[in-house]
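Below you'll find the structure, written out as structure tokens, and then a few comments.
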Amino acid sequence: MADILVLDDVLDAGIMIKRILERKGHRVVVYTEEEEALAHVRAHAVEVAILDIRLKRLSGVDMLEEIKKVSPHTRVIMLTGYPTLETARQAQELGAFDYCIKPIDKEELEEKVASALEAKT
Amino acid sequence: MYLKRLFKHWTLQVFTPGKLLRLKYEAFKELLQHDKKSLELITDLEEILHECMSVDWARVESLLRALRWSVGSLIRSLVAMHPAAYWELEEQFHRLELAIVNAASLPEEDCLPPYTLTLAEAAAAPDLAGGKAHMLGRMHQEVGVPVPPGFVVTTHSFSLFLQYNHLRHRLDELLAQARLNQSERLEEISREMEALILEGDLPPKVREELTRRIEEYQRQGVQGPWVVRSSAVSEDGEVSFAGQYTSVLNISAPEALDAYKRVLASKYSPRALTYRLRCGLADQETPMAVLFLEMIDAKLSGVVYTRESESAARKEKCLAIYAIPGLGQHLVDGSTIPEVHYLTRETNPKPVQSAASPLCPLEPEGKARICLTAEAAVRLAGWGMTLEKLGGGPQDIEWCQDKKGELFFLQSRPLRGSSEFAEGSQEQGETPEIANPLLHEGGVTASPGVGMGKVWVVRQEHDLKGVPEAAVLVSPTLPPTFASIIERLRAVVADGGSRASHFAAVAREYGLPVMVGAIEASRRLSPGQTVTVDANRCRVYEGEVESLKAQAGPARARPEPPCAARMRALMAFISPLRLTDPTSTEFTPQQCRSLHDVVRFAHEKGMAEMFSLVGRSGRGLAQARRLATELPLVMYVLDLEGAISPAAPKGKTIEPEYITSEPMRACWEGLTHPDVVWHKGLIHMDWEELDRISAGLVNLNSKALASYAVMSSNYLHLILRFGYHFAVLDTLCSEEPEANYISFRFKGGGGNFQNRLWRVELIKRILEWADFTVKTRGDLLDARFERREARQILSRLMILGILQGKTRLLDMALTSEDQVTEMTDAFQERYVGYLYS
């Protein structure tokens, strides 16, 4: 069981991820606002963060950078429906654990999270 | 970038062959991942094509983005294995990408002014004003029929609203998850989209324009209140969208901005979304304009159908006027029964017949009360015929009459299903002899046809969740919400409602039989009872009527939705696989005409790269060797690490007993099981023959047609090829059960499509029995078995080997479902011991 944070500007997309991961026994919080998500990372130990790349104000890549500053041990999985080489490269440079493309299916998501958690221990 | 990559490659090759091998192997593993993902995405898209679009176009776009990324990554992995070798493939891929983007493109969402139009301006600007406002403008401008004062907020305002609030990609993300057959999920998605619109801010320019228009009217003495209605592009055109969007009534000037957003939001209501998906229209193809009309304080409201049958039996056509007291809402939402007037279809129409509403109280002297005067009916009918000319065919027209007796027209659109009704009515003069008990007789044909199914009685309009497949829906009224479950219905029988109800229009488009005004039917028909509804003759029989079966059936074939044509054009660059023969001179990047070809080419080359003799001296990569076997099977094996015993003699071939890769040993044991008959002589002969007649183009010993195994002591990637049969097996069998898996993919084969499907079904059943998770799509099968102990992995590999050996020629031999069952049982009985060994 792990603490996982999901940040997506579309609430429903975040809730779908929450449903899948909670069935695996994880504790999952979902945010649509960048500031609230960041405040959560400051206040709690988050093992895995799943970030959409298109957010309301910041980009997911900026969020990745912020999260890594506050909590370097958090494994960050980028999840985007608009993949580009540019964001993939930036994400990698900023220490993202993985760069995944929507639509992502249940098995793939579970697998990515499991490997992020393994890499942590 | 490119030179740097190349330089890195050369340096490594010269100085650290071991590291190069490792990098190459890493790149190869990535390539396999992208290959798998790409094929899955192609299959997802093919599925949408074959299911005739029960998803939103946003889903297609999302899959396309993912596919372009996966194929791009696949090529990057291949390039990483051999820098500088595949630039032609990259170029070809970019050409295909461009073609795909072009084929998939939707109309641009234009955000430029004008943001509002007068009705007169709307007459000349269908794309800005939407269907309803455009026609209303023409009615006013071109033939001078009376319409209420009003104006249009254009489709460009809507686009600007989306842009201003950054909503397009969020809507697309939600739309991408919508499925016609998952109504509860669809409702959740809908609610969030509606909330996104309602929470959005109106762009200042739109706000100013809208306010200015209303103030202008106020200065001219038009005080409102207003009726605010949708006027979407495509609405009232090819498809009607009848009653699918919201209209809001009684809006005062200060409420106008909010009412505008409410109408915009209704574009994403479950009802409108379902309807749009069913029509195969993309969100961007139905941008919404909004019509503001002064609200008429109506004494009477109604609908004119300019071409209608007074009764099913009567052949000559009339014009029909439906009227109810007060607002028209109750007429079109199917909750009441109107009075009806029939008139001749002439420039100066003459009354034929009138019928009062059965719900209307009688006059004191006992006569049925008629509300619409004969004089007003004649005027309405005259204008109706004028509008039929303007619209170029029979029209469905909304009108109302104010307290002073003035008539106004609110909209006019093509009347759907009138011609089908006419044809249907001609062949049904005689009632056939039917022995089944007659449960109900009487009512009006709202949509012709015959339907059979089990009765489901709906009391609450919104209680539609439990309605089962193939239901005959019986209801006191005929609300437009029925449209959201139309796929599940075989027929509808309503106590109330009329042909003028919105749902009747949708049902006629869809070809669903509907009877209305069937008084007491909802009490006479009992839930669960099987009935036959003959909507042409307005009769309901108990059971299934044999003589009517020929007329019953699923809704008639619908015209091809716009998305389907776009999808087909698009899939021509994605799906067809032309590169099937790696030995052919055509097997080149230039010949990749689809992404499927690109994926196939890259996978083949990736394998070849793994097997290529980087450094012919054997430096870096161990040399691939041919497996020495009596079987008519050409297999090359490549040892990554510890897969071949050090004791093995050197040479170009290797005896199977020296293989130390555990997964390979298990698989080989299965393939060479005594039960597997290889018909050696026969196959050899056939292949030789093929070789001879094809003038040496196909060489049995050609590496390109061979099977390959890349293996280490506990890993195996195996490509099996026998003739047309193509299977890929990827497996890890280590001491950690959590890491272990078998992934097996199988596609194609000779034989016709049905035979191939049976073989896939056979393999599926057997693998499921062996605890694999199996997914099939068409003739593609994907099976996984994971997180198990090594001995369980090995037993499954052996079973897979036997199965591959035994089923390789079955695509020609399987001819029935029973045979599949028989063979599954026999297989299970014989090999059950291996599962638990």
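Numerical summary
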| item | result |
| --- | --- |
| Protein accessible surface hidden between B and A, which excludes ligands and nucleic acids, total in Å², probe 1.4 Å | 1900 |
| Charge tally in the Cβ shell below 12 Å around B:S713, where Lys, Arg are +1 and Asp, Glu are -1, B:S713 excluded | -3 |
| Cβ neighbours within 10 Å from other chains - mean over B:215-226 | 0 |
| Computed Rg/Rh of chain B, alpha carbon atoms with Kirkwood Rh | 1.09 |
| Amide H partners (placed H, <5 Å) of B:L478, local residues excluded | B:S335, B:G497 |
| Partners for B:K465 among aspartates and glutamates (Cα-Cα distance below 18 Å; same-chain residues under 8 apart left out) | B:E184, B:E187, B:E188, B:E487 |
| Rounded Å value of the spacing that divides the Cα centres of region B:463-526 and region B:763-818 | 46 |
| Volume per residue of the C-alpha convex hull in chain A, rounded to whole Å³ | 89 |
| Probe 1.4 Å - accessible area at A:Y82, Å² to nearest ten | 60 |
| At R0 = 25 Å, FRET efficiency that the Cβ-Cβ distance of B:A355 and B:K389 yields, to 0.05 | 0.35 |
| Extension gain (nm, one decimal) between B:H673 and B:E657, 0.36 nm per residue minus Cα-Cα | 4.3 nm |
| Kirkwood-based shape ratio for the protein assembly as shown, expressed as Rg/Rh from alpha carbons | 1.05 |
| Order of exposure, largest accessible area first, which applies to B:W668, B:W383, B:W399 with probe 1.4 Å | B:W383, B:W668, B:W399 |
| Accessible area, probe 1.4 Å, largest first, for residues B:E586, B:E822, B:E388 | B:E822, B:E586, B:E388 |
| Listed pairs B:K652/B:K775; B:K350/B:K404; A:K69/B:K36; B:K132/B:K299; A:K18/B:K36 exceeding 31 Å between Cα atoms | B:K652/B:K775; A:K69/B:K36 |
| B:V332 accessible area, 1.4 Å probe, all protein chains in place, Å² to nearest 10 | 10 |
| Anisotropy class of region B:440-551 from Cα gyration tensor, a/c 1.5 cut | rounded |
| 27 Å Cα-Cα threshold exceeded, pairs from A:K102/B:K205; A:K24/B:K267; A:K68/A:K112 | A:K102/B:K205; A:K24/B:K267 |
| Interface residues in region A:1-38 - accessible area drops by 10 Å² or more relative to the isolated chain, probe 1.4 Å | A:D9, A:V10, A:L11, A:D12, A:A13, A:M16, A:R19 |
| Filtered GluC sites (Glu not before Pro), region B:80-158: DSSP coil and at most 14 other beta carbons within 10 Å | B:E108 |
| The protein assembly as shown, accessible surface, carbon-and-sulfur percent (1.4 angstrom probe) | 52 |
| Pairwise FRET efficiency - B:E735 versus B:R459, Cβ, R0 = 60 Å, nearest 0.05 | 0.45 |
| About the Cα centre, charge dipole magnitude for chain B (Lys/Arg +1, Asp/Glu -1 at Cβ), debye | 1620 |
| Theoretical gain in end-to-end length, B:A608 to B:E316 [0.36 nm per residue, Cα-Cα removed] | 97.6 nm |
| Relative contact order for region B:54-198, counting Cα pairs under 8 Å that sit 6 or more residues apart, in percent | 30 |
| Counted charge near B:R369, where neighbours are those whose Cβ lies closer than 13 Å (Asp, Glu -1; Lys, Arg +1) | -2 |
| Total charge dipole magnitude, the protein assembly as shown, about the Cα centre, Cβ charges on Lys, Arg, Asp, Glu only, Debye to nearest 20 | 1360 |
| Mean accessible surface per residue for region B:731-772, computed with a 1.4 Å probe while every protein chain stays in place, in Å² | 40 |
| Per-residue HN-Hα couplings for region B:448-454 [Karplus 6.51, -1.76, 1.60; θ = phi - 60°; Hz; x = Gly/Pro] | x, x, 10, x, 10, x, 8 |
| Amide H contacts under 5 Å for B:S707, placed H, 5+ residues apart | B:V634, B:M635, B:Y636, B:R721 |
| Gained length - B:N752 relative to B:A195, 0.36 nm times residue gap less alpha-carbon distance | 195.5 nm |
| Simple spin-label estimate for B:E768 and A:K56 in nanometres, 7 Å along Cα-Cβ | 4.6 |
| Cα-based Rg and Dmax for region B:168-215, where Dmax is the largest Cα-Cα distance (Å) | 15.2, 46 |
| Cα shape, region B:174-333, gyration tensor, a/c 1.5 rule | oblate |
| Accessible area (Å², 1.4 Å probe, nearest 10) - B:H166 | 120 |
| Shielding score for B:329-336, defined as the mean number of other chain Cβ atoms within 10 Å | 0 |
| Accessible area of region B:92-149 divided out per residue, in Å², using a probe of 1.4 angstrom | 45 |
| Average beta-carbon neighbours from other chains, 10 Å sphere, peptide A:48-61 | 1 |
| Chain B: DSSP helices with Cα axial extent of at least 30 Å and average Kyte-Doolittle hydropathy no lower than -0.5 | B:17-50, B:57-81 |
| Three-way shape label, region A:77-120, alpha-carbon gyration tensor, a/c 1.5 | oblate |
| Two-site label geometry, A:A119 and B:E47: point separation in nm, points 7 Å out along Cα→Cβ | 2.8 |
| Amide proton proximity set for A:I101, modelled H, under 5 Å, gap of 5+ | A:T80 |
| Ranking by accessible area, most exposed first, for B:T344, B:T373, A:T74 with a 1.4 Å probe | B:T373, B:T344, A:T74 |
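The values are calculated or read from the model by the stated rules, or taken from the named source; none is laboratory data. What you are looking at is a predicted structure, and each value in this text was computed from that prediction instead of being measured. With ideal geometry, Cβ positions are generated from the backbone for all residues, glycine too; neighbour counts draw on all protein chains shown. Note: areas computed on protein heavy atoms with side chains; ligands, DNA, RNA excluded. Shrake-Rupley method; radii C 1.70, N 1.55, O 1.52, S 1.80 Å.
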